[in-house]
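Before any comments, here is the structure.
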Amino acid sequence: MNDHAAKPEPVDAVIVGCGASGSTAAKVLSEAGFKVVGLDRGPWLKPEDYSGDELKYVNRNFLWPDPTLKPRTVREDEDSPTELFPFSPLPQLVGGGTVHWAGWLPRPMPSDFIQRTLHGDLPDANLADWPFLYDDLEPYLSKVEWEFGCTGLDGADKYAPPRSRPYPSPPRPPTRFGKVFYDACAKLGINGFPLPHAMVSTAHKGRNPSNWTGFWNQYGDPTTTRSNAATTFIPEALATGNYELRPECYVTRVTTRADGTAKGVVYLDIDGREVEQEARLVLLCQGAIESARLMLLSESAAFPDGLGNASGLVGKNATFHEYLYAIGLFERELHGPLCGFAGHYISGGSMQFYETEEKRGHIGGCIIAASQVGHPINWNFPGRPLWGEAAKDGDRDFYNYSMKIGLILHDMPVESNRVELDPEVTDAWGLPVARITHKPHPNDVKMAKWQVDKNQEILDAAGAAKTIPVYLERSTGNTCHQHGTLRMGFDPDTSVLNEWCRSHEVSNLYVLDGSGFPTALGVNPTLTMMANAWRCSEYIVEHHANGNEVRLDKPRVEVSA
């Protein structure tokens, strides 16, 4: 039995998870005068704790959860065997995924919010419209970009939706592989442009740009150049005096009162002592896997199937974006080195293939982006020699003369794709781990095939001597993008959360990460998560805290023929 620590005083809000959405909520609520406690499972690291040590980050899991202590299991369907696998891991530390990310920060498109209206019933999928539209979210997208920090080039993306403010910082110059991408796009009539990034290229809110390196994805930034929650919104929340951050605290359940409202949370602190933190509001911001898992773990007499799960939908309709790509290898004698280690991990992209075109044979589309092929030690290219002199020659000849064009796959929601508690496997604390059941929808496979082939075409136009496609074969969880397990909507029978991401059943429980997304996007989701967390937090301040309930009308959408 765990020792018990002294019970702290109740607060206005307890936020579980201090990553992108949790830090946003902490900033908004604490600046409004709420007394807030933030709990995170990992440590609070500072910029001086980071470096460019590839072995430390990529090989020794410095930022990643230890799979022996915190495993996950995965299977393709109910008839497939379950295996231990680190599916869609998120760094467990204050700042969450914003600490390790490459920092793509594109906006969603208006079409993302009306997939059901646009496409109707897609066989074997479970499409749904969002309970609000792009225009409703746009002011909050701008708030995050300006407060958090974002580079971009206004007018460069001819497919961009309307925006109320320009980008706060201009983009960085293209890398060598970025120039290759732009030249190829020009040949093919493709609109290539600098993708928005979570970074500053000029002085912004006390942050100044410094070293630029391609070794960024999966690393912590030892400067404040890259925007991350631990160096932006968390310090701003702390500065109010209303926010208390408690790192290295593992929340094990949400407690409830006799009337079915949330009472608070129980967690294990850094010394392994059990602590109960009561609060008027409970906000879950752990990511779509762990937020769903915590709700399932929080069963009680009032909620025998898990917290807020009368609909049976907690954990279902999970989507996980696969990152897929085409690799290009260039002849050393004909091309200069691409120097993937310099500049930035991503340089150049396009939204030209985002919207549905029937001739492609699938609905939807996605963002594409040019990048280097990886890190010097861990980079991979099919056929690369693995040891000896040939491996050294390969590092010199392949790494510097290769690049890839990747995509963020807009996968379809399927109700049977889900997160649940594994009946056999537990973590180091004896709690059931998350079991992910996920099989790509046929539309996912078709979209991936079409877009990877198009990326090969761009590499061919760039002059690649050889291209290699990497198609979708099975779900690998190779991104940290998680959505949909606690779908939001107007109907409690078909959704878990309402339009403000409040539980239909638990009136003071909100889930502000990507769990509420009714459908995945075709872009990286973090900006949308943060903007929605800001939107919902403002609702809490302006309405919920004053005892008011304001409901939105179902959006009226007109779709041109």
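Brief remarks follow.
- Rounded to 5, the percent of DSSP beta bridges in the chain classed as antiparallel: 70
- Net length available on complete extension from T476 to S416 is 19.9 nm, with 0.36 nm assigned per residue and the Cα-Cα distance removed.
- Computed E for A258/D66 - FRET, C-beta separation, R0 45 angstrom, nearest 0.05: 0.70
- In the range 486-561, trypsin sites (Lys or Arg not before Pro) in a DSSP loop with at most 12 other beta-carbon atoms within 10 Å: R551, R556
- Working note: Karplus 6.51/-1.76/1.60 with θ = phi - 60° gives the range 4-13 the couplings 10, 8, 4, 6, x, 5, x, 10, 6, 8 Hz, where Gly and Pro are set to x.
- Length available on full extension from N191 to D124: 0.36 nm per residue minus the Cα-Cα distance, which gives 20.8 nm.
- Label separation (E542 vs T494): 2.8 nm, computed from points 7 Å beyond Cα along the C-beta direction.
- In percent, rounded to a whole number, the relative contact order of the chain is 23, using alpha-carbon pairs under 8 Å and six or more apart.
- Annotation: peptides 241-248, 299-306, 311-318, 72-79, ranked by per-residue average of other Cβ atoms within 10 Å with the highest first, follow the order 311-318, 241-248, 72-79, 299-306.
- Take every Cα pair under 8 Å whose residues are at least 6 apart in sequence, average their separation, divide by the length of the range 1-64, and the relative contact order is 29 percent.
- In percent, rounded to a whole number, the relative contact order of the range 225-360 is 12, using alpha-carbon pairs under 8 Å and six or more apart.
- Cα shape, the range 334-435, gyration tensor, a/c 1.5 rule: oblate
- Calculated FRET value between K179 and K359, using beta carbons and R₀ = 35 Å, to 0.05: 0.70
- Over 20 Å between alpha carbons, listed pairs K179/K454; K7/K263; K439/K554: K439/K554
Read-outs throughout are calculated quantities, based only on the coordinates presented, and are distinct from any laboratory measurement. Predicted model only: the values in this text are computed from it and were never measured. Neighbour counts are summed over all protein chains in view; Cβ atoms, including those assigned to glycine, are modelled from backbone coordinates with ideal geometry.
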